[in-house]
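Below you'll find the structure I mean.
The values are calculated or read from the model by the stated rules, or taken from the named source; none is laboratory data. In this text, all values refer to a predicted model and were calculated from it rather than measured experimentally. Quick reminder, even Gly has a Cβ in these numbers, built from the backbone with ideal geometry, and neighbours come from all protein chains shown. Each accessible area value is taken on the protein alone, full model and side chains, heavy atoms only, with ligands, DNA and RNA left out. Shrake-Rupley method; radii C 1.70, N 1.55, O 1.52, S 1.80 Å.
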Amino acid sequence: IVGITGSANAQIFFTEDYEGTVGANGLPDAPNAFTETGLSTDGIWVVGDETAATSPYYTVTAGTGNFAFTNDDNCNCDKSDDKMILPALDFAAATGGVGTVALTFDKFYNAEYAGIGTIEVSIDGGTIWTTAGTLTADAGWVNQSVDLAPYILETNVLVAFKYNDAAVWG
């Protein structure tokens, strides 16, 4: 589950549980239409459960339903810049410029095979991306939070989950 909240007045800017309709790209569709970019040749990101995400070389433990994932096992292709981009967010009304905005999400990420997961933010329509956080490696499903307070008062915030396979199969 992905959620972006502002804490000072309990605003929820965005939430997604991956159980709704998916678009042609296999990611959530309206009203939370995701986009994706990348160099890989396998469709980049996918929505499914642990059975869909597990491969002969990588096992994902059971979660709480569907989730978005990317996996280099089947294509063995260039996944150095695979971004799953949430719909544009408007933080202009976020607590009048004070307080916090945070991205919270459940994740299964153990950093095997040297892959790097980051959260990136763009305020110029996706031309320039800034790393806002790095995924921590854990043994199973955990909740993680990334501070987005530097983007309070911004009106067109793009948030992306990025996977970089670091030129290694994994």
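Tell me, in nm to one decimal, what length is gained between Ser55 and Ala111 on full extension, where the rule is 0.36 nm per residue of separation less the Cα-Cα distance?
Net length gain for the segment: 18.6 nm.
So, for segment 79-170, what is the accessible surface per residue at a probe of 1.4 Å, expressed in square angstrom?
Ligands and nucleic acids excluded, the result is 42 Å² per residue.
Please find, in a Gaussian network model of the chain (springs between Cα atoms separated by less than 10 Å), the residue of Ile12, Ile128, Ile85 whose mean-square fluctuation is greatest.
Of the options given, Ile128 has the highest mean-square fluctuation.
Then there is this: So for the pair Ser145, Phe14, with labels modelled 7 Å out along Cα→Cβ, what separation do we get in nm?
1.8 nm
What residue among Thr136, Thr64, Thr15 has the largest mean-square fluctuation in a Gaussian network model of the chain, using Cα springs under 10 Å?
Thr64
For the pair Thr134 and Ala93, how long in nm is the line joining their label points, each one 7 Å along Cα→Cβ?
Computed distance between label sites Thr134 and Ala93 equals 3.7 nm.
In addition: How many angstrom lie between the Cα centre of segment 29-85 and the Cα centre of segment 106-146?
Their Cα centres are 14 Å away from one another.
Over the chain, with a Gaussian network built from C-alpha contacts below 10 Å, which listed residue (Ala160, Ala30, Ala88) shows the highest mean-square fluctuation?
Ala30
Sum -39500 (n - 2.57) across every DSSP H segment of at least 4 residues in the chain, then divide by the residue count to get the 222 nm mean residue ellipticity, nearest 500.
Computed mean residue ellipticity for the chain: -500 deg cm²/dmol.
Nothing charged except the Cβ atoms of Lys and Arg (+1) and of Asp and Glu (-1): what's the magnitude of the dipole of segment 53-170 about its Cα centre? Round to the nearest 20 debye.
Computed about the Cα centre, the dipole is about 160 debye.
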